[in-house]
Amino acid sequence: METSRDLPEGPLKILVIDNDKAHARSMAESLERVGHRCLVALSGPEGARQIEQGDFDLIVTDLVMNEVDGMKILALARQRMLECEVIMVTGHGTVPSAVSAMQQGAFTFLEKPLTPDKLRAAVAKAAESLALKRANLDLHRRLDERFGFEGIVYVSGKMQAVVDRLKRIAPTDASVLILGETGVGKELVAQAIHQNSPRKKRPFVALNCAALSDHLLESELFGHVKGAFTDASADRVGRFEYANGGTLFLDEIGDMPMSTQIKLLRVLENGEIIRVGENTPIQVNVRILTATNRNLDDLIAEGRFREDLYHRFKVVTIELPPLAERAEDIVPLTDHFRRMFARQHHKPIKGVSPAVTSRFYRYPWPGNVRQLRNFVETMVVLDVDGVLDVDDLPPELSEAPPEETTGKRGLKDLVGRPMAEVERLFIEETLGYTNQNREQAARLLQIGARTLYRKIKEYGLGKTVGEE
C-alpha cells in the first residue's frame, strides 16, 4: 500500500542496506557527518523488514545480496513509500543490472569503490528530487482543495444534483456541455471535472471563444508556423497541442465563427490538428469540455451553429442553476468568500451582519455567483470594524429596499397584537426569505437552531428544508 508523508526540509532519513558490514557502516558514517539520519541493515531480509516497519526518504542499497537483492528492495520501496528515492550501489560487473534498476525506478547507481564525496553528491541530488516531488504533491493537493468537488460551495438540493452528476461523468472521457447564465461558475465546474478525472496530472487549458477574432481563434486553437500570416514571426503551439493528454475547456462556444466550427469538427472526428500555414497533421488526445450561456438550439435554427458539432459537444449536458434559484447557497457562499478575501487582504473579518444577509436574499443577482464574489471582496476591502455591515455594501445594495424604508409603518400595524403572533410572523417571513432553510433562518434571527425548531413546531409552520 502506498503511503505519502511530508518530507523534511533538512536532513534526510536514510536506510543503508549492505551485506558488507564495514562498507555499510562507512556509508552511514559518511552521510551522518553531513547531518543525515541513517539506519543500517546488514542483509536484504533485514532491509525489507525495516521498509515494512518504517518510513524513509532515501534508501541506499547494494544490488547484489543473498536472499533479498537490491531489485527486490527497489520493488518493495516503490510499493510502500511514494516519495522515497533508491540509490543502487554496484560492482563493475553488475553495471548493466544497475541500469535496468534505474529503468524500474531507481534514482541512480554508484560503482564501487565508493568515495564519501561521490556518495554525498548523489544523496544531495536525490534530496533535490524529493523536494520537487513534495512541491508537485503539494500543488496537486491544493488543486484538489480548490477545484475538486469539495471546492464547490453549496447546500441546495439543485447543486447537490449537479455535483452528483459531475461525480458520475468526471472519471469518463465523455465530452461535456456546461450550460448556464454568465457568472454561475461554468469554468469552476470544468476544472472540477478535470481535477477528478484520470487526466488530472496533465494540463487543463481554457479558451474563451468570444474574446478572439476568427483569425486569432484558429491560431490559438491549432497553432501556427512562422510566416503563416503577417505577425507570425515564430512557430506557435496551439491550445490543442498544449492540452495534449489533458483537458481543453472552450467557453462561449455559441460565439465561435462558422469557419472555425468546421475545422474543429474535423479535429474531433480525426483526433488530429493542422497548424495554420502548415499541411502536416499532428495527433492529439484531448478531452473537450464546452460551455455557453446562449441557446444553441436557436443558433442552429438560425444557421449560426453546426448541428453535428453540437451533438459532438453534448455527449453529456450539465445545467447550472442561477444563484437566484438556489438562495439557500447565498449564506455559505458569502461566508466562503468572506474567509477567502479576509486571508487575501489580511483583514480580521469576523462575520456578516443579519442586515446584509437579508439584503443579499432580496437581491436578484443578475451576475450570479461571480457578482456575489465581487460584492464580498469589495466589502472586505472597505470594512473597518471587522463585521461586513450595510455601511460596507457596494452601490447596487447601499440603498435600503422598500421593506426597510417602510418599516415604521409596518411596526404600527403590529402594535397591540400578541407577542406570540408577532414572533410567529417574523419567523414565517424569515423562513420565506431563506427558502425554508432552518439553519440560515436561525442565523438571520440570531437564535439557536434548536430554539427555531421548537418555535416552528409550536407555531405549526410546517416542514422546512432538511426535514423528512
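Please treat every number below as a calculation from the coordinates, not as lab data. Keep in mind that this is a model prediction, so the values were computed, not measured. Heads up, the Cβs are rebuilt from the backbone with ideal geometry, glycines too, and the neighbour counts pull from every protein chain shown.
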From the Cα gyration tensor of segment 151-321, with a ≥ b ≥ c the square roots of its eigenvalues, which class applies: rounded if a/c is under 1.5, or else prolate if a/b is larger than b/c, or else oblate? prolate
Taking θ = phi - 60°, what integer Hz values does the Karplus form 6.51 cos²θ - 1.76 cosθ + 1.60 yield along segment 197-202, in sequence order, with x for Gly and Pro? 10, x, 8, 4, 8, 9
Given R₀ = 60 Å, what would the calculated FRET efficiency be for V99 paired with E421, taking r from the Cβ atoms and rounding to 0.05? 0.10
Distant-in-sequence amide H partners of E83 (H built 1.01 Å from N, under 5 Å): R5
Okay, which of segment 223-264 sit inside 16 Å, backbone N to the point 7 Å along the Cα-Cβ direction of K314? 252-256
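Local charge sum around L42 (other residues, Cβ-Cβ under 15 Å, Lys/Arg +1, Asp/Glu -1)?
Values: positive: K21, R25, R49; negative: D18, D20, E29, E46, D62, E67, D69.
Residues near L42 contribute -4 overall.
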For D235, distant residues with modelled amide H under 5 Å away: K226
Once you compute Rg and the Kirkwood Rh from C-alpha atoms, what is the Rg to Rh ratio for the chain? 1.12
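May I have the convex hull volume per residue, in Å³, for the Cα set of segment 166-223?
Working: hull volume 5.9 nm³, N = 58.
Here the figure is 101 Å³ per residue.
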Note down the net charge around P198, summing +1 for each Lys or Arg and -1 for each Asp or Glu among other residues with Cβ under 11 Å from its Cβ. +4
Starting at the first residue of segment 375-388, write each ³J(HN,Hα) from the Karplus equation 6.51 cos²θ - 1.76 cosθ + 1.60 with θ = phi - 60°, in whole Hz, x for Gly and Pro. 4, 5, 4, 4, 5, 4, 5, 7, 5, 10, 10, x, 10, 6
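If you restrict to DSSP beta bridges whose two residues both lie in the chain, what percentage is antiparallel, to the nearest 5? List each step's numbers first, then the result.
Working: 4 of 44 bridges.
Beta bridges within the chain, antiparallel portion: roughly 10 percent.
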One finds, for E32 and D235 with R0 = 51 angstrom and r their Cβ-Cβ distance, a FRET efficiency to the nearest 0.05 of 0.45
Over segment 151-321, calculate the relative contact order: mean separation of alpha carbon pairs under 8 Å at least 6 apart, over the residue count, as a percent. 33
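With n ≥ 4 as the cut-off for DSSP H runs, can you work out [θ] at 222 nm for the chain, using -39500 (n - 2.57) per run divided by the number of residues, rounded to the nearest 500?
On the way: 21 runs with 225 residues, N = 468.
Taking each H run of at least 4 residues, the total per residue is -14500 deg cm²/dmol.
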Any lysines with Cα under 25 Å of the K112 Cα? List them, leaving off those in the same chain fewer than 8 positions away. K13, K21, K72, K125
Projected label distance in nm at M340 and K158, using a 7 Å step from Cα toward the beta-carbon: 1.9
Over segment 325-403, relative contact order from alpha-carbon pairs under 8 Å, at least 6 apart, %: 35
Relative exposure of L58, L76, judged by other C-beta atoms within 10 Å (fewest first): L76, L58
Could you run the Karplus curve 6.51 cos²θ - 1.76 cosθ + 1.60 with θ = phi - 60° over segment 331-344 and give me ³J(HN,Hα) per residue in whole Hz, x for Gly and Pro? 5, x, 5, 4, 5, 4, 5, 4, 5, 4, 6, 4, 5, 5
Alpha-carbon radius of gyration plus Dmax, which is the widest Cα pair, for segment 239-291 in Å: 11.0, 30
For the chain the mean separation of alpha carbon contacts under 8 Å (6+ apart) over residue count, i.e. relative contact order in percent, is 11
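For an R0 of 35 angstrom, estimate the FRET efficiency from the Cβ-Cβ distance between T451 and L382 and round to the nearest 0.05. Working shown, then result.
Details: r = 33 Å, r/R0 = 0.95.
Calculated transfer efficiency: 0.55.
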Could you tell me the ratio Rg/Rh of segment 325-403? Both radii from Cα atoms, Rh via Kirkwood. 0.93
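Apply the a/c threshold of 1.5 to the C-alpha gyration tensor of segment 347-390 and tell me whether it is rounded, prolate or oblate. Walk me through the intermediate numbers first.
Working: a/c = 2.88, a/b = 1.48, b/c = 1.94.
Here segment 347-390 falls in the oblate category.
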Give the shape of segment 13-141 as rounded, prolate or oblate, defined through the alpha-carbon gyration tensor: a ≥ b ≥ c are the square roots of its eigenvalues, a/c under 1.5 means rounded, and otherwise the shape is prolate if a/b is larger than b/c and oblate if not. rounded
In nanometres, the difference between 0.36 nm per residue of separation and the alpha-carbon distance of N270 and K118 is 49.5 nm
